[in-house]
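Trainee: Could you have a look at this structure, given as structure tokens, before my questions?
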Amino acid sequence: MVQVIENVLKGQNKAENALKPSKPPYHPKKAYTYLKRRLNPEYEGGVKRLPFESCLLTTNGTKKKASFQPENGQKDVREVHIKTRPKWHTDLMEWEIDQTSGEMHPKGVYTSDDFKCSNGKKIKALDKFCKKYQPLYRSRKVSLFFLTFTRANYASLKWNTMSKLVIKYFKRLGIEVRGHIWTAEISDDLHWHYHVCVSTSRVDFRETGIPPSLKFDALWGQRTEIDFVKKNVRHYMAKYFAKCNSREIVHSSYGISRKLK
């Protein structure tokens, strides 16, 4: 149990420090043991509602939460629920380990939550992606594309469908896709959008520009953006992966290719 919690906390700490200057501070070896989990009394007050196009409904749970009944000439627009505060707080006892004797000394109680835990897992996935492709990018063996898909709750397609189409459209141009990673972001003003990084075989569009078929506004039904990653993929993605302001209650908040080639 101690080792499992220690690994989770390492991921959380990476998420919290992802936007800080990369000066490596010294940290003594620590371990954590579980104390208790408790419901956040402020959780319900932080649940917000967003209108949601009915064509995007994916679960019966979302349908049951619908509260909008369309009238003649109106679109069938329902709601999704956004949590802006964590639902659970988890108290852990923090221990400092004497690296000479191996003795554990209690340092106090560390309080985590489900947002921090989720961010820790997301940062771990981002580390895996960057470890694989940043060296290949530096050696000019791959190209990295950064895409943004805005206003997800008004889009024409489900995100699961759209993300598969992105990969398919690269392949249609004869471009080998080696891996991809994405994250959902909901800003403070409840703007729900997706950020994607796609690693491909090396391409050169300096003469022609990015092909129109890789610009997905028409398919997505909302504004999209695509550009090449310049210099460092982690700089592009870390700020989106480290944010923990809000979560859509039903849908996944990130994803990564099963295989990174």
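The values are calculated or read from the model by the stated rules, or taken from the named source; none is laboratory data. Because the structure is a prediction, the values reported are computed rather than measured. Here the Cβ positions follow ideal geometry from the backbone for every residue, glycine too, while neighbour counts run over all protein chains shown. To get the accessible areas, we keep the full protein, side chains included, count just its heavy atoms, and leave off ligands, DNA and RNA. Shrake-Rupley method; radii C 1.70, N 1.55, O 1.52, S 1.80 Å.
Trainee: Step by step: first the residues of region 206-231, then only those that are open to solvent by less than 40 Å² (accessible area, probe 1.4 Å) and within 21 Å of the chain's Cα centre (by Cα), then the one that is farthest from Gln134 (Cα to Cα). Which residue is that? Can you show your working first?
Mentor: Residues of region 206-231 open to solvent by less than 40 Å² (accessible area, probe 1.4 Å): 209-211, 214, 216, 220-222, 224, 226, 229.
Within this subset, residues satisfying the condition of being within 21 Å of the chain's Cα centre (by Cα) are 216, 220, 222, 224, 226, 229.
Values: Phe216: 26, Trp220: 29, Gln222: 30, Thr224: 24, Ile226: 19, Val229: 11 Å.
Restricting to residues being open to solvent by less than 40 Å² (accessible area, probe 1.4 Å) and within 21 Å of the chain's Cα centre (by Cα), the top hit is Gln222.
Trainee: One residue is enough: does region 145-159 have a residue meeting the conditions within 17 Å of the chain's Cα centre (by Cα), open to solvent by 40 Å² or more (accessible area, probe 1.4 Å) and under 20 Å from Arg258 (Cβ atoms)? Quick ask: steps written out before the conclusion?
Mentor: Taking region 145-159 as the starting set, the residues that turn out to be within 17 Å of the chain's Cα centre (by Cα) are 145-153, 158-159.
Next, from what is left, pick out any that are open to solvent by 40 Å² or more (accessible area, probe 1.4 Å): 151, 158.
Still in the list and also under 20 Å from Arg258 (Cβ atoms): 158.
Yes, some residue in region 145-159 is within 17 Å of the chain's Cα centre (by Cα), open to solvent by 40 Å² or more (accessible area, probe 1.4 Å) and under 20 Å from Arg258 (Cβ atoms).
Trainee: Taking Thr148 as the residue in question, decide whether it is in contact (Cβ under 8 Å) with a residue 40 or more places away in the chain, in contact with a His (Cβ under 8 Å, 6 or more places away or on another chain) and part of a strand (DSSP E or B). Walk me through it before giving the result.
Mentor: On the way: in contact (Cβ under 8 Å) with a residue 40 or more places away in the chain: yes; in contact with a His (Cβ under 8 Å, 6 or more places away or on another chain): yes; part of a strand (DSSP E or B): yes.
Criteria met by Thr148.
Trainee: Please verify whether Thr183 is of a type in the set (Val, Ile, Thr), over 21 Å from Ser139 (Cα atoms) and open to solvent by 30 Å² or more (accessible area, probe 1.4 Å), treating the condition exactly as stated. Walk me through how you get there before you give the answer.
Mentor: Working: of a type in the set (Val, Ile, Thr): yes; over 21 Å from Ser139 (Cα atoms): yes; open to solvent by 30 Å² or more (accessible area, probe 1.4 Å): no.
No, not satisfied.
Per-residue answers, yes or no, for (1) modelled with pLDDT under 95; (2) of a type in the set (D, E, K, R); (3) more than 18 Å from Met237 (Cβ to Cβ):
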| position | (1), (2), (3) |
| --- | --- |
| Met162 | no, no, yes |
| Val166 | no, no, no |
| Val177 | no, no, no |
| Glu185 | yes, yes, no |
| Asp188 | yes, yes, yes |
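Trainee: Search region 227-261 for residues being assigned to a loop (DSSP other than H, G, I, E, B), under 21 Å from Asp188 (Cβ atoms) and in contact with a helix residue (DSSP H, G or I) (Cβ under 6 Å, 6 or more places away or on another chain), and hand back the single one that is modelled with the lowest pLDDT.
Mentor: Across region 227-261, the extreme among qualifying residues is Cys244.
Trainee: Identify the residue in region 169-219 that is free of Cβ contacts under 8 Å to residues at least 12 places away in the same chain and among the acidic types (Asp, Glu) and, among all such residues, is nearest to Ile123 (Cα to Cα).
Mentor: Filtering region 169-219 for residues that are free of Cβ contacts under 8 Å to residues at least 12 places away in the same chain and among the acidic types (Asp, Glu), the one nearest to Ile123 (Cα to Cα) comes out as Asp189.
Trainee: So, in region 102-112, exactly how many residues are without any contact (Cβ under 8 Å) to a residue 60 or more places away in the chain, more than 31 Å from the chain's Cα centre (by Cα) and either within 21 Å of Arg38 (Cα to Cα) or open to solvent by 70 Å² or more (accessible area, probe 1.4 Å) (or both)? I'd like the intermediate steps shown before the answer.
Mentor: Applying the first criterion (without any contact (Cβ under 8 Å) to a residue 60 or more places away in the chain) to region 102-112 yields 102-103, 105-106, 108, 111.
Then keep just the ones that are more than 31 Å from the chain's Cα centre (by Cα); that gives 102-103, 105-106.
Now restrict to residues that are either within 21 Å of Arg38 (Cα to Cα) or open to solvent by 70 Å² or more (accessible area, probe 1.4 Å) (or both): 103, 105-106.
Adding up the residues that qualify gives 3.
Trainee: Take the residues in region 47-97 that are touching an Asp or Glu at 6+ places or on another chain (Cβ under 7 Å) and of a type in the set (Phe, Trp, Tyr); name whichever of them is modelled with the lowest pLDDT.
Mentor: It comes out as Phe68.
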